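Structure, as structure tokens:
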Amino acid sequence: MLEIRNLHARIAEDGTEIIRGLNLTVKNGEVAAIMGPNGSGKSTLSYILTGRSDYEVTEGDILYDGQSILGMDTAERAAAGLFLAFQYPVEIPGVATMQFLKVAMNEQRKARGEDELTTPDFIRRVKAAAANLQIDMAMLKRPLNVGFSGGEKKRAEILQMSLLEPKLCVLDETDSGLDIDALKIVADGVNALRSPDRSFIVITHYQRLLEYIVPDSVHVLYKGQVIKSGDRQLALELESDGYANVIKDAA
Ligand SMILES: Nc1ncnc2c1ncn2[C@@H]1O[C@H](COP(=O)(O)OP(=O)(O)O)[C@@H](O)[C@H]1O
Ligand SMILES: [Mg+2]
């Protein structure tokens, strides 16, 4: 599904290198967790995956289904099935969430060579997905993310994800700002989407989310590199011992 090879990337504006030789492979159907101290480059990695232009790849490659995506822009990557849930979701004043969803879903369908959804079909799909996430339809009439609480924003993102049916989902700190009930709803939403041909990269600070979204692999990112990989057990060790030992061993 995804293979990141010796990736080096820097901030376009000032040339600071943030990603420094990162390797990561995520198989079809795999849920890979990425953990690491603040400032390791976790969010930067997610931005680079979606093709944000404020970062430049200087070396290495990102292969998605065997093909380099470095030459693709954000829209092309989305059309190819990449989805990113942001750590800080953007607010879009003036665009009702429903309208946003409709455009996004139809763009995705167009890219797949499918017909536009009819309005009744669209409404039916949104209602079903919103009910699963315990999202009130009234919230979807409001402008996207404007005035949404932290938990509402995260739910709105999982709603987008379930409606867009991506192949690779990148979730950046989807647990931050969630109380335990909202965390469970979001995790259930993610778990419901797990399938043999859909992969996830779940970026999180805390092992807590991984009790609900059980990862197949866990990778520690530090100073722009994956310094240790393991299974779920690694997340438990990090939770009890912190990152210091892993960082020392890698040095
Ligand atoms: N656009 C930017 N301008 C300046 N510094 C940045 C920018 N993007 C990332 N950084 C820096 O890169 C490092 C990694 O940041 P980030 O990817 O947000 O880390 P994490 O998500 O692991 O906490 C930090 O030191 C951060 O300050
Ligand atoms: Mg971050």
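Here is how the numbers come out for the structure above:
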item	result
When segment 66-171 is reduced to its Cα atoms, the Kirkwood hydrodynamic radius in Å	14.4
Approximate shape of the chain as ellipsoid semi-axes (Cα gyration tensor, √5λ), whole Å, largest first	30, 21, 17
Simple label model, 7 Å out from Cα along Cβ direction - GLU17 to ARG232, nm	3.7
Under the Karplus curve 6.51 cos²θ - 1.76 cosθ + 1.60, θ = phi - 60°, whole-Hz ³J(HN,Hα) for segment 45-53, x wherever Gly or Pro sits	4, 5, 5, 5, 4, 8, x, 5, 7
Computed helical MRE - 222 nm, the chain, DSSP H runs ≥ 4 contributing -39500 (n - 2.57), nearest 500	-11500 deg cm²/dmol
Residue exposure sequence - SER68, SER240 - by fewest surrounding Cβ within 10 Å	SER240, SER68
Counting all C-alpha pairs of segment 1-57, share separated by more than 17 Å (%)	38
Volume per residue of the C-alpha convex hull in segment 77-133, rounded to whole Å³	107
Antiparallel bridges, percent of DSSP beta bridges restricted to the chain (to nearest 5)	60
Relative pair counts by distance (%), Cα atoms of segment 1-127, 10 Å bins	11, 35, 32, 18, 4
For segment 2-250: lysine pairs under 15 Å (alpha-carbon distance), excluding those fewer than 8 apart on one chain	12
Relative packing of peptides 208-219, 115-126 - highest average C-beta neighbours within 10 Å first	208-219, 115-126
Gain on full stretching of the segment that runs from ASP73 to ARG142 - 0.36 nm per residue minus C-alpha separation	21.9 nm
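Every read-out reported here was derived from the displayed coordinates using simple, explicitly stated rules and does not represent laboratory data. Predicted model only: the values in this text are computed from it and were never measured. So basically every Cβ, Gly included, is an ideal-geometry build from the backbone, and we count neighbours across all protein chains shown.
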